[in-house]
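The values are calculated or read from the model by the stated rules, or taken from the named source; none is laboratory data. Small disclaimer: the values here were computed from a predicted structure and weren't measured. Cβ atoms come from the backbone with ideal geometry, glycine included; neighbour counts cover every protein chain shown. For the accessible areas, the whole protein counts, side chains as well, though only heavy atoms, and no ligand, DNA or RNA atoms are used. Shrake-Rupley method; radii C 1.70, N 1.55, O 1.52, S 1.80 Å.
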Amino acid sequence: MESCLLNELRRIVGTAYVLTDKEDLLCYAYDATPGFSHMPDAVVSPANTNEVSQVLALANTEKIPVYPRGSGTNLSAGTVPTKGGIVLQMTRFDKILEIDEANLVATAEPGVIVAALNKAVEQFGLIYPPDPGTVATATLGGTVAENAGGLRGLKYGVSKHYVMGLEVVLADGSILQTSGKNVKDVAGYDLTKLFTGSEGTLGVITKIIVKLVPAPEAKKSMMAIFSNLDNAGNSIAAIIAGKIIPATLEILDNATIRTVEDYAKVGLPTEAEAVLLIEVDGIPEVVEKEAAKVVEVLKANHADQIQVAKDAAERDKIWAARRAALPALAKLRPTTFTEDATVPRSKVPEMIRAVNQAAAKHKVTIGTFGHAGDGNLHPTIVCDLRDKEEMERVYKAMDEIFTTAIRLGGTLSGEHGIGLGKLKYMEDQFGEVGMKTMRAIKKALDPNCILNPGKLVGEC
Amino acid sequence: MKEDKKLLTDIEDALANCMKCGNCMEVCPIYKEIQTEAAVARGKLSLMEAVINGNAEISAGFDQRMAMCVSCKACAVKCPCGVKADELILRGRQAAVKARGLNPIKKQVFALLANRTLFDFALRMAGLFGPLQMKKLPGRMAVVARFPMPGLDRRRVLAPFAATPLRSQFPEHINAAKPRMKVAFFTGCTINYVYTDIGQAVINVLKANNVAITIPAKQHCCGTPVYMSGDVELAKVFAKHNVETFERVNADYIVAACGSCAEAFKIEYPELFHDEPDLQRQARNLAAKTYEISEFLVDVLRFRQDTLGPVPATVTMHDPCHMARGIEVTAQPRAIVAAIPGVKFVEMKEPARCCGAGGSFSLAHYDVSRKINDRKIADIASTAADTVVTSCGSCRMHIVDGLVQNGRNQECLHVVQLLDKAYEAGKCLQFKQP
């Protein structure tokens, strides 16, 4: 990057907040997605909206790529600076600006850690429901930009269901305000939802207004073990058909069960085809009633074993298996791909079987676990990125997994986003018209394609 | 292949296991303050990978970034893949030393440290002439520099060097009337030359429990500061000396009153000699009978509680990193505090969060270490305790500095000093009884 341009960046944000040493740039060449790496030319950490605006105006004039970045924990290569340019580090935007108890909303800057927001609203008896696995590290801005989900997705949904308004800096540096604290607001195009999940390709989020919900008074956790995968699948369908929406309804497949048991020794039968982990939450009386109904459904669908947690310690024990799933799989091999192919929940058993077939056919190790209740599965492929021959097989298995998900009426991403990782399947899901529409939006808002170029909608 | 780069390729598989999930960011005290990727384990591991792949050199910049780590091990404990990032970062430092040589100031300090006689002489002189340079702060075991000194922040509060080192204050062997056992005391440099009050307390407490003590005169620095800086060869020289010295004294147990010194004996020494089987066997034998003082008093000695007198104090505890995550001794110091009559114990928020000392880290990066420490001081302040106890001289010094800088009046002691006070108070009780 030219030195006068760097000087201009330094003038805008201050010398200390422009990193150009190779050793630093190498540390921004990646995110949590395996297989993508590219060095930026500079890492710029602005302190306020005005600085973001100035940086973008400059980058737009000079046609320099800009990649907004929070903690870089995302799983779609969404923050990898694949074309060089500027990584826009947003972690200095770390203030919770307001917790509005009367309106049940909070206003925060994008660099706030999601867990910190939850901690702050806890004292008011409120929660911000999106809770991705990286909740203790990920920034609010990153999770909103990626439309992140989490374990409570079945009952509570994903980020877009909680974002009420945004302040966004557009590619040319102009500042946009979308929606606000109104529960009912049908004026105009829904720009809030457009920018939520835009993965940094349409603008840089500088302020976020989110909806908060009352913290559930009670929770009850259960674990059911199935020797037959279809019985697990039928249980999922029957629970929902019984008009019960658990906060969480998770599944572990046989490969995951064996790996978890081997690693954490939590007492799972290794021959089981599936384990379901269920948590209902809400008002104590309702929780009791719903838990009893869930147990009934599990029994009717031939669960081999059912455990209901009586206290916090037992609840912890039940969730230990789920918590161990990713670490246990990740420890098997150096490289871990955690995908998030999602299908209508009735298709969960079929999807798991297809993943297993893809694993066997291409001789790769895949464990599947995930949010069965919302159809959001995490086929987790463990391999070694340094083994070229193995990686070819891995990518073939991945192709098969995503095309199957789309064939079953599913989607490429339940909560991780598209980024670069799943770009090549986008046309399969959206078709030519869908992609044309999305690219038209991208070009209208970012005509020079400086914002996270090449991601989500590809080249345009 | 050059030897420096080979040091990294040896750990290539271990580096590949890092899946860049970023979980280490949650717990890294340095990342919390400076918020750059190179500050956190994930970044440092990537930098090492870049060197292996030929995308980077072991440059001054590499060296600087490897140095930005307090070795608190929080990342390693947090890592879902079990990557021991703290050890890998030490390997990065080792490669930097191989490639670029040791930093000139460290080189001089280590050269002095390596010459046991000269080191002893220098620190005795510092103890004698220190008051000329250092001004004592009233009411504390703390001093500040009167004049600027190279490599030292002038604001920084230190502890005075002892006029007479601990090992010169006591004979090599201290007998007990009917000794239950013989214990060798590894004093470490901080206790020998600076915090002799901790050493005195160790001796008192062991005596109160009828233990014969030997304090080998020829013991060396445990080597941790040298090892942490990446000079593994010199660390091995120290380790070998200590292993041979302590084997000769043939004690039933070895105790240290510092988490890092205990960790050196218990964990580092056997690992250092992985290619020297005889020495490794000796090191393992010693490791098996080495205990940190609280661990020893509680698990081995089951210290006397009937002679404890009351110590009226509200106490909170800071767990040094090498106690909490190194040798994993946190219950025992609490058991000691709980046994002392009159003490009200208040747990602080995140007692095992690093205080920012990190051995020589706080010398080289005083500003960052101060910021980390300010959080610790705030946690201490929010407990309303009048006394902070810990189990490491280096943490004690850094916490005292933080208390002074933040205008706080709490006292900071080693756990064993509190116990010593209780035995002392117990003697008065006996005296008063008819």
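So the values come out like this:
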{"quantity": "Relative contact order computed over segment B:313-432 (Cα-Cα under 8 Å; 6+ residues apart), in percent", "calculated": "30"}
{"quantity": "Cβ neighbours within 10 Å from other chains - mean over B:11-22", "calculated": "6"}
{"quantity": "Part-to-part distance (alpha-carbon centres) for segment A:218-282 and segment A:34-94, which is given in Å", "calculated": "40"}
{"quantity": "Rounded FRET efficiency, nearest 0.05, which uses the C-beta distance separating B:D153 from A:E271 and R0 of 41 Å", "calculated": "0.05"}
{"quantity": "Within straight-line cross-link reach of A:K22, aspartates and glutamates at Cα separation under 19 Å, skipping those fewer than 8 residues along the same chain", "calculated": "A:E2, A:D31, A:D41, B:E37, B:E49, B:E57, B:D63"}
{"quantity": "In segment B:264-360, the GluC sites (Glu not before Pro) that fall in loop regions by DSSP, at most 16 other Cβ within 10 Å", "calculated": "B:E328, B:E347"}
{"quantity": "Neighbourhood net charge (12 Å Cβ-Cβ; Lys/Arg +1, Asp/Glu -1) for B:R146", "calculated": "+3"}
{"quantity": "Contact order normalised by residue count of chain B, Cα under 8 Å, 6+ apart, percent", "calculated": "14"}
{"quantity": "At R0 = 51 Å, FRET efficiency that the Cβ-Cβ distance of A:E122 and A:K63 yields, to 0.05", "calculated": "0.70"}
{"quantity": "Semi-axes of the equivalent ellipsoid for segment B:76-204, Cα gyration tensor, largest first, Å", "calculated": "31, 25, 17"}
{"quantity": "Most to least packed among A:45-57, A:22-34 [average Cβ atoms within 10 Å]", "calculated": "A:22-34, A:45-57"}
{"quantity": "Kirkwood estimate for the protein assembly as shown, i.e. one over the average of 1/r between Cα atoms, Å", "calculated": "30.0"}
{"quantity": "Chain pair A, B: total accessible area buried, heavy atoms, 1.4 Å probe, Å²", "calculated": "2200"}
{"quantity": "Dimensionless Rg over Rh [segment B:327-411; C-alpha; Kirkwood]", "calculated": "0.97"}
{"quantity": "For segment A:298-428: rounded, prolate or oblate by the Cα gyration tensor [a/c cutoff 1.5]", "calculated": "prolate"}
{"quantity": "Of A:K193/A:K455; A:K436/B:K20; B:K236/B:K289; A:K299/A:K347; A:K63/A:K442; B:K182/B:K240, pairs whose Cα-Cα distance is over 24 Å", "calculated": "A:K436/B:K20"}
{"quantity": "Angle in degrees between helix A:229-241 and the longest Cα principal axis of chain A, rounded to the nearest 10", "calculated": "80"}
{"quantity": "The protein assembly as shown, accessible area per residue, ligands and nucleic acids excluded (1.4 Å, Å²)", "calculated": "40"}
{"quantity": "Most mobile listed residue (B:A283, B:A67, B:A99) in chain B, GNM with C-alpha springs under 10 Å", "calculated": "B:A99"}
{"quantity": "Given charges at Cβ of Lys, Arg, Asp, Glu: the protein assembly as shown dipole, positive-most of A:A320, B:V415, B:A14", "calculated": "B:V415"}
{"quantity": "Reduction of at least 20 Å² in accessible surface, 1.4 Å probe, comparing all protein chains with the chain by itself, residues of segment A:29-76", "calculated": "A:Y30, A:A32, A:S71"}
{"quantity": "Mean-position separation - Cα centroids, segment A:362-381 and segment B:19-74, in angstrom", "calculated": "31"}
{"quantity": "Sequence-separation-based contact order of chain A, relative, with Cα cut under 8 Å and 6+ spacing, percent", "calculated": "16"}
{"quantity": "Whole-percent carbon and sulfur share, accessible surface of the protein assembly as shown, 1.4 Å", "calculated": "53"}
{"quantity": "Computed label-point distance, nm, for sites A:I406 and B:H274 using a 7 Å Cα→Cβ extension", "calculated": "4.7"}
{"quantity": "Projected-area average for chain A over all orientations - Cα convex hull basis, square nanometres", "calculated": "21.7"}
{"quantity": "Where labels lie 7 Å past Cα in the beta-carbon direction, separation of B:E424 and A:E459 in nm", "calculated": "7.9"}
{"quantity": "Shielded residues, segment B:53-97 - accessible-area loss of 30 Å² or more between chain alone and all protein chains, probe 1.4 Å", "calculated": "B:N55, B:R65, B:P80, B:C81"}
{"quantity": "Fraction in percent of alpha-carbon pairs per bin - 10 Å, segment B:3-100", "calculated": "17, 55, 26, 1"}
{"quantity": "Test item: Cα-centred dipole of segment A:136-213, Lys/Arg +1 and Asp/Glu -1 on Cβ, debye", "calculated": "440"}
{"quantity": "Dipole magnitude (debye, nearest 20) for chain B, charges at Cβ of Lys, Arg, Asp, Glu", "calculated": "1020"}
{"quantity": "Residues in segment B:367-397 that a label on B:I105 would reach, taking backbone N under 14 Å of a point 7 Å out along Cα→Cβ", "calculated": "B:367-369"}
{"quantity": "DSSP bridge orientation in the protein assembly as shown - percent antiparallel, rounded to nearest 5", "calculated": "70"}
{"quantity": "Lysine pair count for segment B:313-432 [Cα-Cα under 27 Å; pairs on different chains or 8 or more apart]", "calculated": "9"}
{"quantity": "Nitroxide proxy distance, nm - points 7 Å out along Cα→Cβ at B:K344 and B:A217", "calculated": "4.9"}
{"quantity": "Summed side-chain charge close to A:K347 - residues other than A:K347 whose Cβ falls under 11 Å, Lys, Arg +1, Asp, Glu -1", "calculated": "+2"}
{"quantity": "Backbone N under 15 Å from the B:N409 label point (7 Å along Cα→Cβ), restricted to segment B:363-382", "calculated": "B:381"}
{"quantity": "B:D13 accessible area, assembled protein chains, probe 1.4 Å, Å²", "calculated": "100"}
{"quantity": "Nearest-0.05 FRET efficiency for A:K396 and A:Y189, computed from C-beta distance (R0 41 Å)", "calculated": "0.55"}
{"quantity": "Residues of segment A:202-243 with amide N under 17 Å of the 7 Å Cα→Cβ point at A:N48", "calculated": "A:206-208"}
